[in-house]
Amino acid sequence: MNRMMNEKWPWIEAAHGMRSQLLDILSDAELAFTPGGQNMTVGTLCRQMGETEYSYIQSLKTLKQEWSYRHTEAGVVSSVTRIKAWFQTLDDEMQAVIAAFSDGDVNKPIDRGGDAVTVAFQLDVYLQAVLIFLGKATIYLKAMNKAVPQSFQEYIG
């Protein structure tokens with residue numbers, strides 16, 4: 001097992017677990033909730049997180065960050081089952097990509113559109129993106145008057 005799987009993956013996997021907890025407490029109907037204004041629905045927020053994860057996976061494969069991917073399956077924003085399945089596919093792919101790296105790959109540069117960061121740093125940034133998503137989701141849960149999981153309270157606030 002490489003260093004990134006030992007040091008980075010457990011944190012990412014834990015954040016993915018919190019994302020799964022979120023999906024476990026939502027119904028299909030609740031995916032259509034929006035707190036109003038210009039805010040997206042919960043389902044769209046989840047789709048956006050999946051598109052973000054896809055972008056990070058591709059950046060680890062190609063060493064270039066690209067943000068143009070859009071998930072086109074319309075039903076994914078209205079089905080908890082479809083979102084869970086898609087996230088599982090993404091999570092499995094991310095884990096496989098990270099596991100394939102050697103310890104020497106940790107310092108390979110990833111072009112982020114002018115700036116370059118190491119693979120290790122890119123994984124840290126991805127983890128932060130998941131935590132930001134979970135922070136947003138917490139606000140949605142509170143606006144829906146739903147109980148916020150204990151792990152969210154401990155890690156997100």
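Listing for the model above:
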| item | result |
| --- | --- |
| Among (1) modelled with pLDDT under 95; (2) more than 25 Å from Val42 (Cα to Cα), the one test that Leu60 misses | (1) |
| Of the criteria (1) free of Cβ contacts under 8 Å to residues at least 60 places away in the same chain; (2) on the phi < 0 side of the Ramachandran plot; (3) out of contact with any Asp or Glu (no Cβ under 9 Å at 6 or more places or on another chain), which one Asn145 fails | (2) |
| Filter result for the condition that a residue is under 14 Å from His16 (Cβ atoms), among the aromatic types (Phe, Trp, Tyr) and surrounded by fewer than 16 Cβ atoms within 10 Å (Cβ to Cβ), over Tyr126, Tyr155, Tyr69 | Tyr155 |
| Verdict on Ala85 being exposed (fewer than 15 other Cβ atoms within 10 Å of the Cβ), modelled with pLDDT of 95 or more and out of contact with any Gly (no Cβ under 7 Å at 6 or more places or on another chain) | yes |
| Residue in segment 111-120 that is out of contact with any Ser or Thr (no Cβ under 8 Å at 6 or more places or on another chain), surrounded by fewer than 18 Cβ atoms within 10 Å (Cβ to Cβ), assigned to a helix (DSSP H, G or I) and not aliphatic (A, V, I, L, M) present | no |
| Test: residue in segment 138-157 that is closer than 21 Å to Ser55 by Cβ and modelled with pLDDT of 95 or more | no |
| Lone unmet requirement of (1) touching a residue at least 60 places away in the same chain (Cβ under 8 Å); (2) surrounded by 14 or more Cβ atoms within 10 Å (Cβ to Cβ) for Ala99 | (2) |
| Leading residue by the ranking (nearest to Asp91 (Cα to Cα)) among those in segment 65-77 that are assigned to a loop (DSSP other than H, G, I, E, B) and out of contact with any Ser or Thr (no Cβ under 7 Å at 6 or more places or on another chain) | His71 |
| Filter result (part of a helix (DSSP H, G or I), small (Gly, Ala, Ser) and surrounded by fewer than 18 Cβ atoms within 10 Å (Cβ to Cβ)) within segment 129-152 | Ala129, Gly135, Ala143, Ser151 |
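The values are calculated or read from the model by the stated rules, or taken from the named source; none is laboratory data. Everything numeric in this text was worked out from a predicted model, so none of it was measured. Every residue, glycine as well, gets a Cβ built from its backbone with ideal geometry; the counts of neighbours run over all protein chains shown.
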